[in-house]
Ligand SMILES: Cc1cc2nc3c(=O)[nH]c(=O)nc-3n(C[C@H](O)[C@H](O)[C@H](O)COP(=O)(O)O)c2cc1C
């Protein structure tokens, strides 16, 4: 691959939200996880942990846990019933449609010191592994989408997936064959986001 090819590859990754139903072979899932685990991390502590969900029993348990919390939170905020049920139904559909769900976690024990900056560095490190996972999926010709829901449902996610106490859910990544390419995205110009000094 030339640098131009690599830039084109990196720039062409998009969030895919509609997936084909085909299963993703286990060796492909493992290859993507191995690539994700090559991400840089603060103090090389590699604080990322991954819970891979492909079975329907666990998927249903996770969907119920996440949407149960979503419903409770929206109800507490006073959202209209129709809006709550619409969002819950869409979320369940999305969880059911994605062939692979990977809950991206941070090992809260993988930290050098109990200081807020160190926690931030660990969270940043986990996010880099998440990006690397999305790019690995892109390299496989698969689509991926970062989903924030488990952040709002720590205990529910832990219970549904029987996660160890020290695994803190940061996000969930949907992966699978691409059914629908996302639409165009408007990027901020460099002049708005960069200062050259
Ligand atoms: C921290 C983070 C949280 C996100 N949460 C969600 C989410 O909950 N649901 C969703 O559909 N997409 C989510 N996304 C995907 C973004 O919407 C997407 O990256 C953004 O719109 C840019 O589009 P692109 O990924 O196609 O370039 C999230 C992305 C990040 C980095």
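Take the conditions (1) under 15 Å from residue 156 (Cβ atoms); (2) in contact with a helix residue (DSSP H, G or I) (Cβ under 8 Å, 6 or more places away or on another chain); (3) not in a strand (DSSP E or B); residue 103 misses just one of them, which is (3).
Only residues that are touching a residue at least 60 places away in the same chain (Cβ under 8 Å) and either away from the ligand (no atom under 15 Å from the Cβ) or more than 18 Å from residue 138 (Cβ to Cβ) (or both) were counted in the stretch 12-49, giving 22. When the residues of the stretch 66-100 are filtered to those that are away from the ligand (no atom under 15 Å from the Cβ) and not in a helix (DSSP H, G or I), the one that is nearest to residue 179 (Cα to Cα) is 99. Among the candidates 171, 129, the residue that is within 15 Å of the ligand (Cβ to nearest atom), more than 24 Å from residue 88 (Cβ to Cβ), touching a helix residue (DSSP H, G or I) at 6+ places or on another chain (Cβ under 8 Å) and at pLDDT 95 or above is uniquely 129. Applying the condition of being surrounded by fewer than 18 Cβ atoms within 10 Å (Cβ to Cβ) and within 17 Å of residue 11 (Cα to Cα) to the stretch 141-177 and asking which residue is farthest from the chain's Cα centre (by Cα) yields 141. Criterion first (within 16 Å of the ligand (Cβ to nearest atom), in a loop (DSSP other than H, G, I, E, B), in contact (Cβ under 8 Å) with a residue 12 or more places away in the chain and out of contact with any strand residue (DSSP E or B) (no Cβ under 6 Å at 6 or more places or on another chain)) does residue 63 satisfy it? It is false that residue 63 is within 16 Å of the ligand (Cβ to nearest atom), in a loop (DSSP other than H, G, I, E, B), in contact (Cβ under 8 Å) with a residue 12 or more places away in the chain and out of contact with any strand residue (DSSP E or B) (no Cβ under 6 Å at 6 or more places or on another chain). For the stretch 23-58, the tally of residues that are buried (at least 19 other Cβ atoms within 10 Å of the Cβ) and in a helix (DSSP H, G or I) stands at 4. When you scan the stretch 4-11, do you find a residue that is under 15 Å from the mean Cα position of the chain (by Cα) and either within 16 Å of the ligand (Cβ to nearest atom) or part of a helix (DSSP H, G or I) (or both), even just one? The answer is no, given that none of the residues of the stretch 4-11 is under 15 Å from the mean Cα position of the chain (by Cα) and either within 16 Å of the ligand (Cβ to nearest atom) or part of a helix (DSSP H, G or I) (or both).
The values are calculated or read from the model by the stated rules, or taken from the named source; none is laboratory data. Given the structure is predicted, the values throughout are model-derived calculations rather than measurements. Counting neighbours? That spans all protein chains shown, and the Cβs are built from the backbone with ideal geometry, glycine included.
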